[in-house]
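The values are calculated or read from the model by the stated rules, or taken from the named source; none is laboratory data. These numbers were taken from a predicted model, which means no experiment stands behind them. Cβ: placed from backbone, ideal geometry, glycine included. Neighbour counts: every protein chain shown.
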Amino acid sequence: MAIYVIFAALLCIAAAGSVYQVRKTYRTIDRLLSCVLSQEKIEASDVREGELSALANKAGRIQEVLGRQVDAAREEKEQVKSLVSNMSHQLKTPLANLSIYTDILSGQELDADQKKEIAGKLRKQIDKLDWIIGSLTKMVKLEQDVIVFEAGPSRIRETIADAVDAVYEKAEKKGILLAVAEYEDLLLFHNRKWTAEVLVNVLENAVKYTESGGVIQIRVCPYEIYTEIQVADNGCGIREDEIPDIFRQFYRGREVEHIEGSGIGLYLSGLILEKEKGYMTVKSVYGVGSCFSVFLQNCKN
């Protein structure tokens, strides 16, 4: 009989110990989950027992992952706010101009020549809106890897010719000479359409910031790994302290804020070149001119 009493007592003690252990484990898990939810850091020294220590370690790693996701979401929210703000700013001027020109057309007696002139101005603002919206769409899609374009070995002569053709009329109207130095038609790693857009962005800036009678020189300089495509002008140049900022999204230099522009082109060009494993640099002397260089990888002939 005494043996049965002792055995029963041992079972009660074991059960009590088991209940205590379960409650302790529950309290530990509850504390770890509370730390995760409140983003309170979980220290490795908080739990020292074998399996519970491993659990604490995993909870800490989950907490780190969630923390990174929260930071990323917060950063993305700020980027969206900035994008919407900048889009509003960029669209404000052409929309206001469209409103003004429409009021002029509807509210005044105009002869045929005057109507033609106003219609031309309306078209120019519509084209600007179309360009801004198109560029913003490309920019967002490239940032989010929605646009996938093939880059591969391609001759550079046709790409440069496409870009020069696109800006030739603007340069001619302004009395600016586009001078292309003789070069070998090299096989470079790029996408003809997208790289031509990069060069158009650079050339249009050169035309925009160069006075009438100026010269824009295009040179192709091959090196061992990359080939450099230079676009050099004798325009207004860039202040030294602003050079690190010009490739930023929507950046406009303080000296050229009065000149029509969006601050999208160079940033978009950087995104395109990144997809092609290329890059862009600039050297500039304020008041003397600028030289933008596009670097593309060489391919074996």
- prompt: Within segment 102-137, which residues are among the polar types (S, T, N, Q), over 24 Å from GLN249 (Cβ atoms) and part of a helix (DSSP H, G or I)?
  reply: THR102, SER106, GLN114
- request: Being touching a Gly at 6+ places or on another chain (Cβ under 9 Å), part of a helix (DSSP H, G or I), surrounded by 14 or more Cβ atoms within 10 Å (Cβ to Cβ) and not aromatic (Phe, Trp, Tyr) narrows it down to one of VAL207, VAL164, so name that one.
  value: VAL207
- line: Over segment 133-156, the set of residues within 29 Å of ARG219 (Cα to Cα) and surrounded by 13 or more Cβ atoms within 10 Å (Cβ to Cβ) is SER135, LYS138, MET139, LEU142, ALA151, PRO153, SER154, ARG155, ILE156
- request: Give segment 244-301 a look and list any residue that's polar (S, T, N, Q) and modelled with pLDDT of 85 or more, or say none.
  value: SER269, THR281, SER284, SER290, SER293, GLN297, ASN298
statement: The number of residues in segment 182-209 that are closer than 18 Å to TYR168 by Cα and in contact (Cβ under 8 Å) with a residue 40 or more places away in the chain is 14
